[in-house]
Amino acid sequence: MDPVPESPQLEKGYTRVAHTLLEAVLQYPFTGGELKLVFAVIRSTYGWNRKEAVLYVVELAEMTNLSCRHTKRLLQRLARDQVLRKHPITRMRVVMGLNKHFSTWRMRRIPKDAGVPKAKREVSP
């Protein structure tokens, strides 16, 4: 007999996020790894009713199933783009939070054919 899957319950905890902030996250052109990290930071901060938290790169890497090296690189990019507020304590430990002023997030240029499979892109003669 298969085990019964656990049913999510609000009584076991929830993360309170404003709709406008969540919509901004959904519309920003994050890579998959960046989106994982943004949600991990939201979970580690707003999930505990905090704006910022002391986080370890290793901890975030484990939460997102990314390598530590890749996690560190993505965190630097998210801080540079002003999506995350990041204040290093040591090389692997930082005070971090989401920048809720999403109008200040630096927008990236998205190629016109982004999201279109290579086989369907038009080839110039």
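Look at region 54-73: where a residue is free of Cβ contacts under 8 Å to residues at least 24 places away in the same chain and farther than 16 Å from Leu35 by Cα, no partner that is assigned to a strand (DSSP E or B) and small (Gly, Ala, Ser) sits 6+ places away or on another chain with Cβ atoms under 8 Å. The set of residues in region 35-67 that are more than 18 Å from Arg93 (Cα to Cα) and in contact with a helix residue (DSSP H, G or I) (Cβ under 7 Å, 6 or more places away or on another chain) contains only Lys36.
Scanning region 1-50 for residues that are surrounded by 10 or more Cβ atoms within 10 Å (Cβ to Cβ) and of a type in the set (Asp, Glu) gives Glu23, Glu34. Of (1) closer than 12 Å to Leu98 by Cα; (2) touching a Cys at 6+ places or on another chain (Cβ under 6 Å), Arg50 satisfies all except one. Which? It fails just one condition, (2). Among the candidates Thr64, Thr31, Thr45, the residue that is hydroxyl-bearing (Ser, Thr, Tyr) and farther than 24 Å from Gly13 by Cα is uniquely Thr31.
Taken over region 1-30, residues that are farther than 23 Å from Trp48 by Cβ and either touching a helix residue (DSSP H, G or I) at 6+ places or on another chain (Cβ under 6 Å) or charged (D, E, K, R) (or both) amount to 1.
Just so you know, all these numbers are worked out from the coordinates, no wet-lab data involved. These numbers were taken from a predicted model, which means no experiment stands behind them. FYI the Cβ positions are ideal-geometry reconstructions off the backbone, even for glycines, and counts take in every protein chain you see.
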